[in-house]
Amino acid sequence: IEIYSLHVDCKVTSRFAHTVITSRIVNRANESREATFEVELPKTAFITNFSMSIDGKVYPGIIKEKAAAQNEYDTAVSQGQSAGLVKITDRKLEQFHVSVSIAAASKVTFELTYEELLKRQLGKYELLLKVRPKQLVKHFQIDVHIFEPQGIRFLETDSTFMTNELTEALTKVLNETKAHISFKPTLDQQKKNSELDETLLNGDFVVHYDVKREATAGDIQIVNGYFVHYFAPQEMPVFPKNVIFVIDRSGSMTGRKIEQTKDALLKILQDLRPEDHFSFITFNNKVAEWKSSLLPATEENVASAAALVQTLSARGGTDISGALLSAVGMLDKAEGLLERSIPMIILLTDGQPTSGERNVEVIQENVQKAINGKYALFCLGFGFDVSYKFLEKMALSNGGIARRIYENADAALQLQGFYQEVATPILMQIEMQYPENSIEGLTNNNFKLFFEGSEIIVSGKISNELDLLPVEIKAQSHTSNLTLKEEANVKEKEQVFQNQRYIFGNFIERLWAYLSIQQLLEKAISAQEEDQKALEAQALDLSLQYSFVTPLTSMVVTKPQQKEELANKPTEAG
């Protein structure tokens, strides 16, 4: 079985990435063989199309509601056939895998398309392409086209498998608003050494970039009546934080996990700013407060906290409830510190609650009641014994986010990386306002916090014939209350994309649908049951209308001899 051509074609237009992977395979044996197509794609992406054509006959993938697809599948397939085509493989990736039997001398072409909105983190966007052909490929090519009307501020490529020879196969062409990156290694360049037919191409191919930002009230782009508004202010004073670290030291954290946690905490302590206040609560079946109140992050206090971190050892049960309620109590007592500062609780745990209150629903309810919208709660789940669903619901119900920390060698870096993302809050209570009677389907436009290096994105549909789209942003910075205003000329904005050759269709409309689905699914996690059903119904409608494989839809992949398989989107919560 020979993969004679593999092409990755990626177009990024104004942060929205559209990636098409085409693999052409021939069976050189004199009997039928299995041809396999395996693609690792970012978890944040939605598959939107798949097809295979065997000797000219096309077998498309059809996207349906998950339950309906499952029923059809169960009827069509005798038990015991593998059903899942997609599984999570890594912290950032999931894998799409399909194989089909092809006759001697036959050819098959696989084509997979997925889309995602690139998220700005720590001052840059990341486009991640996983390269793993597992054999030498005669025609191998990656093409990345980027078009950013705001202008490209910097762009760099990085790869885990580059050699000097392979660098020669990489070209970058960059002007003010466009970039084209091409990677086209010959067979010889792909080889590990000249004797063996082993490939060097195994790992990540990453593009990082950021855009130029002029306007204070962000940047608005419009295509076919849909708009997207990007807002990422720079060089603003940072809010002091009042942060409580709530750290699990139960028995299951023994060994490498507690050591990695200690490493990360020691680095995070060094990153605290002098104007921050902080404290530690550690817990197993008992809850231990390092100090009874928050302390300023002076050199002396940080050194004393570091000494405590060094002594952490893991044993006993897990009283998540008691620990979180202690943290809330400590912030409640610190009222004097809370003027123009950001209070946050960062929980790190690797297990289920086994001591104190064990019912996760009761814990969620009690924590939400205690926090009462006053503080942000971030939940980090270490490994796969945690109930991620529980942590995610608790974080989203309390203005924070959840993250899974993977038990790899880089776990300490994952923890530090997470802290860096939330370390520099520069705005709070951000309201993005648009003319009510002329915008439909507006995505989320109120945000509790904005962290330096990230980006706020709002999208919607301009309903009536507007000439000017006025926007107003209200927010609180550390030093003042801000009001920023901007007007976008609809016709001028529409012109920007008119004659660009690599704009794919109504990309802002698809961006709007993608963002709406992501936000509806996120809201559903922390909503009451009836609301949850309504939010999921909306997300399902959009998933079907724009053909996205989301947690609510399935792609039915048909094969020769009427065989069918399902591609479902896995979620972190399983």
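The values are calculated or read from the model by the stated rules, or taken from the named source; none is laboratory data. Because the structure is a prediction, the values reported are computed rather than measured. Note that we place each Cβ from the backbone using ideal geometry, even for glycine, and neighbour counts take in every protein chain shown. Quick note on the areas: whole protein, heavy atoms, side chains included, nothing else; ligands and nucleic acids left out. Shrake-Rupley method; radii C 1.70, N 1.55, O 1.52, S 1.80 Å.
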Which of the residues spanning the range 177-191 are in a loop (DSSP other than H, G, I, E, B) and either closer than 13 Å to residue 155 by Cβ or touching a strand residue (DSSP E or B) at 6+ places or on another chain (Cβ under 7 Å) (or both)?
177, 184, 185
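Only residues that are open to solvent by less than 10 Å² (accessible area, probe 1.4 Å) and closer than 19 Å to residue 186 by Cα: list them for the range 1-25, please.
Kept after step one, since they are open to solvent by less than 10 Å² (accessible area, probe 1.4 Å), are these residues of the range 1-25: 10, 12-17, 19, 23, 25.
Matches in the range 1-25: 23, 25.
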Among the listed residues 520, 515, identify the single one that is open to solvent by less than 50 Å² (accessible area, probe 1.4 Å) and either under 21 Å from residue 123 (Cα atoms) or at pLDDT below 95 (or both).
515
Looking at the range 201-219, which of its residues are open to solvent by 10 Å² or more (accessible area, probe 1.4 Å) and either under 14 Å from residue 469 (Cα atoms) or not in a strand (DSSP E or B) (or both)?
202, 212, 213, 214, 215, 216, 218, 219
Please specify each residue of the range 410-433 satisfying the condition of being open to solvent by less than 30 Å² (accessible area, probe 1.4 Å), more than 17 Å from residue 341 (Cβ to Cβ) and in a loop (DSSP other than H, G, I, E, B).
none
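Anything in the range 364-414 that is among the aliphatic types (A, V, I, L, M) and closer than 20 Å to residue 258 by Cβ? List them, or say none.
So in the range 364-414, the residues among the aliphatic types (A, V, I, L, M) come out as 367, 370-371, 376-377, 380, 386, 391, 394-396, 401-402, 405, 409, 411-413.
Across the range 364-414, the qualifying residues are 380, 386, 391, 405, 409, 411, 412, 413.
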For the range 224-240, indicate whether the set of residues that are among the charged types (D, E, K, R) and either at pLDDT 95 or above or surrounded by 21 or more Cβ atoms within 10 Å (Cβ to Cβ) (or both) is non-empty.
no
Of the residues 314, 288, which is in contact (Cβ under 8 Å) with a residue 24 or more places away in the chain, over 20 Å from residue 375 (Cα atoms), of a type in the set (A, V, I, L, M, F, W, C) and not assigned by the TED database to the domain that holds residue 14?
314
Matching residues in the range 152-167 (exposed (fewer than 13 other Cβ atoms within 10 Å of the Cβ) and either at pLDDT 95 or above or within 19 Å of residue 211 (Cβ to Cβ) (or both)) number 3
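Given the range 3-103, what strands (runs of 3 or more DSSP E) lie entirely inside it while holding 3 or more residues that are among the hydroxyl-bearing types (Ser, Thr, Tyr) and touching a strand residue (DSSP E or B) at 6+ places or on another chain (Cβ under 7 Å)? So that I can check it myself, show each step before the final result.
Numbers: elements: 16-26, 33-42, 46-54, 57-65, 86-88, 93-102.
Hits in the range 3-103: 16-26, 46-54.
Which of the residues belonging to the range 320-351 are part of a loop (DSSP other than H, G, I, E, B), open to solvent by less than 20 Å² (accessible area, probe 1.4 Å) and either outside the structural domain of residue 296 (by the TED database) or not hydrophobic (A, V, I, L, M, F, W, C) (or both)? Spell out how you get there, then give the answer.
Here is the first cut: in the range 320-351, the ones part of a loop (DSSP other than H, G, I, E, B) are 334, 339-341, 350-351.
From the residues that got through so far, the ones that are open to solvent by less than 20 Å² (accessible area, probe 1.4 Å) too are 334, 341, 350-351.
Residues satisfying the conditions are 341, 350, 351.
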Among the listed residues 311, 254, 354, which satisfies the condition of being more than 21 Å from residue 420 (Cβ to Cβ), over 31 Å from the mean Cα position of the chain (by Cα), open to solvent by 10 Å² or more (accessible area, probe 1.4 Å) and hydroxyl-bearing (Ser, Thr, Tyr)?
311
Tell me whether the range 233-248 contains one or more residues that are assigned by the TED database to the domain that holds residue 337 and part of a helix (DSSP H, G or I).
no
Take the residues in the range 139-151 that are in a loop (DSSP other than H, G, I, E, B) and on the phi < 0 side of the Ramachandran plot; name whichever of them is least open to solvent (accessible area, probe 1.4 Å).
148
Going by the conditions given, is residue 136 touching a Ser or Thr at 6+ places or on another chain (Cβ under 7 Å) and buried (at least 16 other Cβ atoms within 10 Å of the Cβ)?
yes
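Kindly indicate whether residue 57 is closer than 30 Å to residue 572 by Cβ and at pLDDT below 95.
Working: closer than 30 Å to residue 572 by Cβ: no; at pLDDT below 95: yes.
Judged against the criteria, residue 57 is not a match.
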Looking at the structure I just gave you, is residue 166 in contact (Cβ under 8 Å) with a residue 12 or more places away in the chain and not in a loop (DSSP other than H, G, I, E, B)?
yes
Restricting to the range 109-127, and then to whatever is surrounded by 19 or more Cβ atoms within 10 Å (Cβ to Cβ) and closer than 21 Å to residue 201 by Cβ, can you tell me which residue is nearest to the chain's Cα centre (by Cα)?
127
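Can you find, within the range 363-391, the residue that is surrounded by the most Cβ atoms within 10 Å (Cβ to Cβ) among those that are more than 23 Å from the chain's Cα centre (by Cα) and either without any contact (Cβ under 8 Å) to a residue 12 or more places away in the chain or in a loop (DSSP other than H, G, I, E, B) (or both)?
Taking the range 363-391 first, the residues more than 23 Å from the chain's Cα centre (by Cα) are 363-375.
Checking the rest, the ones that are also either without any contact (Cβ under 8 Å) to a residue 12 or more places away in the chain or in a loop (DSSP other than H, G, I, E, B) (or both) come to 365, 369, 372-375.
On the way: 365: 12, 369: 10, 372: 10, 373: 10, 374: 14, 375: 22.
Out of the qualifying residues, it is 375.
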Restricting the search to the range 329-362, which residues are hydrophobic (A, V, I, L, M, F, W, C) and touching a residue at least 60 places away in the same chain (Cβ under 8 Å)?
330, 331, 334, 337, 338, 342, 344, 345, 346, 347, 348
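Identify all residues within the range 176-197 that are touching a residue at least 40 places away in the same chain (Cβ under 8 Å) and over 24 Å from residue 146 (Cβ atoms); write none if there are none.
Residues of the range 176-197 touching a residue at least 40 places away in the same chain (Cβ under 8 Å): 182-185, 187, 190-191, 197.
187, 190, 191, 197 - these are the residues of the range 176-197 that are touching a residue at least 40 places away in the same chain (Cβ under 8 Å) and over 24 Å from residue 146 (Cβ atoms).
Let's see how each residue does on (1) farther than 27 Å from residue 430 by Cβ; (2) open to solvent by 40 Å² or more (accessible area, probe 1.4 Å); (3) out of contact with any Gly (no Cβ under 8 Å at 6 or more places or on another chain); (4) at pLDDT below 90:
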{"residue": "473", "(1), (2), (3), (4)": "no, no, no, no"}
{"residue": "485", "(1), (2), (3), (4)": "no, yes, yes, no"}
{"residue": "490", "(1), (2), (3), (4)": "no, no, yes, no"}
{"residue": "503", "(1), (2), (3), (4)": "yes, no, yes, yes"}
{"residue": "510", "(1), (2), (3), (4)": "no, yes, yes, no"}
{"residue": "541", "(1), (2), (3), (4)": "yes, yes, yes, no"}
{"residue": "562", "(1), (2), (3), (4)": "yes, yes, yes, yes"}
{"residue": "571", "(1), (2), (3), (4)": "yes, yes, yes, yes"}
{"residue": "574", "(1), (2), (3), (4)": "yes, yes, yes, yes"}
